[in-house]
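A short reminder: the numbers here are calculations on the coordinates, not readings from a lab. None of these values were measured; they are calculated from a predicted model. Every residue, glycine as well, gets a Cβ built from its backbone with ideal geometry; the counts of neighbours run over all protein chains shown.
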Amino acid sequence: MLHIIRELLHCSYKNFNLGKFYAAITDLNKALSIAPNFHEARIKRDELYIKVGYYKEALEDAEKLLKENPSDLHAKKMVIIENSIAHYEARVLRAECYVKLNRRADAIADYLRSVHLKTDNTEGHFILSQLYFEDGQLDSSLNHVRQCLQLDQDHSKCKTFYREIKNLRQVMQAADDAVNKKDWKTGDSGEQVAYDACSKAIKLSPRDPELYCKRAEASISLSNYEEAKEDYRKALNIDENYSAAKDGLHQAEKLAKQSKKKDYYKILGVKRTATKEEISRAFRELAKKYHPDRNKDKNSKEVERKFIEITQAKEILTDDEKRRQYDSGVDPLNPEPFQHDSWGDNNNNSK
């Protein structure tokens, strides 16, 4: 009989080391059914009950141990633990309250503790994945939904949510590729592709400030400064300390103010993302049109003014440092603001 008990105890240790806590508890249950006063088995089962979140059963074991030996320090410790906030149910209950109060960070902290208290906690990992997803922390969200599926590969909610996260990652990658693309051309607008991809990603993850900043970047490239400012503000509403949104909003405000003055991109009829070659080509075409020698029969002052403007535009936009200053909202030539845009709609493909 003693041999059987020892064998069961050995199996329980083996299962414990393999992370099979419920199997270990089953082994100890069998041992204690044979020998109810087997002190070592009860201590081990008590510890396992705590690990898997069976606090009521753990407390019963601790009280029995304490009754058998009032000076048992282990039993006293277990009783204290079972009446503390480390209690699994208490953690989960408080986390649920935090969710309802929209205190997402506090809820995440308690759910993280709960999945450590109860190691096979698929529901806890699923909820954490959702909370991180809503908070825009996609990598952490994916990590917990994967842990949920490792514990239960047939968990229907986790399987569905996993596909949703993977889909969002693909959308975000498309947005990243479009935003970071350096050779955007007219026609099939790369800026518009980036804007649309970011908008789709935002619908899937509306609490991610980075997505609003990326869409704002695309809006700036499309010269939609007011829309860019709005997206940067939305990012700051999510995270008031998000530095990219602070810097971006400052730039968008400067560019919006600048756009009401002289717009060198519009003067040459090119996009903000135009290369030096595209800028030079646009200048050459306009220089042919507005060169004074070709317009002797027209208003010489007006032609001269326009020729000076395109020459200034080329000077600014083909010089890396001057263009950087201009793109940051500072005109290196510091001209007086124009009251009217004499270029009309002839070169509006920069919009």
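In this label model, residue 90 and residue 40 are separated by 3.3 nm, measuring between points 7 Å along each Cα→Cβ vector.
Counting only Cα atoms, the size of region 88-161 along its three principal axes is 30, 26, 17 Å, in decreasing order.
Computed extension length for residue 301-residue 150: 46.7 nm, one decimal, from 0.36 nm per residue of separation with the Cα-Cα distance subtracted.
Packing, taken as the mean count of other beta carbons within 10 Å per residue, orders the peptides 317-325, 112-120 from highest to lowest as 112-120, 317-325. Across all C-alpha atoms in region 202-267, the radius of gyration and Dmax reach 12.2, 39 Å. Estimated from the Cβ-Cβ distance and a Förster radius of 45 angstrom, the FRET efficiency linking residue 169 and residue 14 is about 0.70. If one computes the Cα centroid of region 228-285 and of region 134-173, what distance in Å separates the two points? What the calculation gives is 35 Å, centre to centre.
Pulled fully out, how much extra length does the chain show between residue 311 and residue 100, if you take 0.36 nm times their separation in residues and subtract their Cα-Cα distance? Before the final figure, lay out the partial values.
Numbers: separation 211, 0.36 × 211 = 75.96 nm, distance 6.09 nm.
That works out to 69.9 nm of additional length.
Packing around the peptides 280-286, 301-307, taken as the average count of other Cβ atoms within 10 Å per residue, puts them in this order, highest first: 280-286, 301-307. Per-residue packing, averaged as other Cβ atoms within 10 Å, sorts the ranges 202-213, 158-169 into the order 202-213, 158-169, beginning with the highest.
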